[in-house]
Amino acid sequence: MNRKYYYLESNEQRGPLGIDQLKSVDLKPDTLVWSEGLDDWKPAKEIEELKILLMMPPPPPISPIMELKRQAEAGDANAMQKFALAYFQGDGVEKDIEQGLTWQIKAAEHGNAEAQSQCAELCRNVEEPDFEASFNWEKMAAEQGYPLSQYNLGHHYDKGMGISENKEQAFDWFKKAAENGFTDAKYSLAVAYLTGQGVSQDISQGISWLEQASNDGHVGSKTRLGSAYIEGMGVTADEEKGISLLREAASLGDEKAKNLLNEYSDNSSSDIKSNSPKNSSSSNKISNIITTILNVIIGF
């Protein structure tokens, strides 16, 4: 007869479990147990057939990857996504892109926003892009508040990818992503305000969002903001600050910032050499620079 035991754990009754099942339980010598035929609860060390069990070494702890697999197979969407990444990276399991994709799709179908966003990216980056499927995945993740998908959904609406072009919807999703701290969205929101795309033009709001994106390290924002300070558009003119921002952007590889700095440098050298009131050629240069600056601020 395979006797089954109840046992106490933290003053709570557990069981009944057979001997084989008790092997996976952290049974201590003084753990109180009871089984049919016993007149009262007794310490496990007093039960003959449990003595051998108590002498056995405890089973090894389950490995993190096996625990992750257990959770994923039990339907945990977050575990599914992590398990997918493990396969992609060969972390704890042999690298297997196909298995990774299988688990990522399962995670997306079970509502994991990160997985949904990555499925959307896959749909866009195949040989024959499926923008409608990409839009649908991004929308599911965006509606959960996932900032990257909110930003990407804005681009779907902005460019009419997989959905009819809608600048107002694009603006709304850029704004949600920006308010959730997504740097690229702050820049896109700034551009929308500066150009009046999907919202009434508001230079002051545009500059404010450029400032935030620039402070986050966004290169294009530094170029536009530097140009705004030089021209005094939406801010008090401050050529020194503007040049400094352009230099920051140029040092990070921004070609527009490099070109603007070169134009300033050429014009400055011309003025120094002439040491006279600006002639028509110099005035034309300044006019060209101002035009370039305005183009940079309002739209590349």
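Side notes on the structure shown:
- Flag for GLY181 being within 30 Å of ILE105 (Cβ to Cβ), assigned to a loop (DSSP other than H, G, I, E, B), under 22 Å from the mean Cα position of the chain (by Cα) and among the small types (Gly, Ala, Ser): yes
- Test: residue in region 158-173 that is within 26 Å of ALA257 (Cβ to Cβ), at pLDDT 95 or above, in a helix (DSSP H, G or I) and among the basic types (Lys, Arg): yes
- Qualifying residue in region 167-177 (condition: crowded, with 22+ Cβ neighbours inside 10 Å, of a type in the set (D, E, K, R) and touching a residue at least 24 places away in the same chain (Cβ under 8 Å)): no
- If you go through region 183-225 and keep only what is of a type in the set (S, T, N, Q), free of Cβ contacts under 8 Å to residues at least 40 places away in the same chain, surrounded by 21 or more Cβ atoms within 10 Å (Cβ to Cβ) and more than 23 Å from LEU153 (Cβ to Cβ), you end up with just SER214.
- Checklist (1) over 25 Å from the mean Cα position of the chain (by Cα); (2) closer than 21 Å to ARG124 by Cα applied to VAL199, failing item: (2)
The values are calculated or read from the model by the stated rules, or taken from the named source; none is laboratory data. Note that the coordinates shown come from a computational prediction; the quantities given were computed from them, not determined experimentally. Note: ideal-geometry Cβ built from the backbone for every residue, glycine included; neighbour counts use all protein chains shown.
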